[in-house]
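Nothing in this text is a laboratory measurement; each read-out follows from the coordinates by a stated rule. Note that this is a predicted model, so its numbers are computed, not measured. When we count neighbours, we look across all protein chains shown, and the Cβ atoms used for this are built from the backbone with ideal geometry, even at glycine.
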Amino acid sequence: MQNNTDAFSQNQRLGRGVNIIGYDPLWRSRAEARMQAKHFRLIKEAGFDHVRINLHPFEFMSDAPDYAINPAWLETLDWAVAQTLDNDLIAILDMHEFTAMARDFAGLKAKYLAVWEQLAPRYQNTPDTVFFELLNEPNGALTVALWNEFLIEPYNIVRRTNPARTLIIGPAFWNGIDYIEDLVLPEADRNIIVTVHYYHPMPFTHQGAPWSEFRDRSNVTWDGTPEEEQAIARDLGTVQAWAERQQRPIYLGEFGAYEKADMASRARYTATLARHAESLGWSWSYWQFDSDFVVYDIDQDRWVAPLLNALIP
């Protein structure tokens, strides 16, 4: 990799993506894997440019002080990265242990840093089509101020072995758009893509989701009215204004609507968000390939056509 990597050109290459394998049993046993090699090919053939690989290594690590990641887990990640690159896709290694970190940041800080101490050198010789995302959705105990102060530690760990690696970093409070103004990045490093997540309005996107405060909501539609579209334009516009002031590219790392919403509304919402992000020059990644919000039905071995067509017309 060269040291003059430009985050804006990297973001254009990133293009359209999908989140993968965060909740796949393959991490416990490759024999139980839902996602197979063929699915990477199908993702590429459908028109996607990248995959965001959601990583949950904590339960596969040894105790302090070593915090060694289980070799079988690392081999599974090696396989996923190889499948991604072999299919001419970009890979984002997304450290997705946000729930644990939100609950006990102080207690898990050393363990979290140990992940990057191991992953950064392991992948330092991969092509510049492998990106590192330092932490998904900092929240809870990892407050806005604390995240700004802390992020420099994993940043420095990664930069020791990967001085030219494209990094992805987002604001605290769930990578929320309302907190992007508070994000503080290493000013001199211009090889950083800034990520935000967008699930507004939550009563629509999370209706019926069992982990959500909207678990008992139903029949909330998204009709694509001028008011609904203006709300998206306004929200994304605030991020774009910050991005232009800061000269940082933007990656919409997660968006989508849970299965309990009607499909027509989900497709309208998904298409509107994807096209609006693209109109601003952003890359994006849909949540997600399998598990929930699915764009591919692994059990039926087929795309969820309305959603795929919304994402990639």
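Here the spin labels are modelled as points 7 Å beyond Cα on the Cα-Cβ line, and at GLU278 and GLU227 they lie 2.9 nm apart.
Here the label points at GLN36 and ARG302, each 7 Å from Cα along the C-beta direction, are separated by 1.7 nm in the simple model.
Our helix-only sum for the chain, with -39,500 (n - 2.57) per DSSP H run of n ≥ 4 divided by its residues, gives a mean residue ellipticity at 222 nm of -12500 deg cm²/dmol. Return the whole-Å distance between the Cα centroid of the stretch 247-266 and the Cα centroid of the stretch 193-223. Taking the Cα centre of the stretch 193-223 as reference, the centre of the stretch 247-266 is 9 Å away. Within the chain, antiparallel bridges make up roughly 10 percent of the DSSP beta bridges whose residues both belong there.
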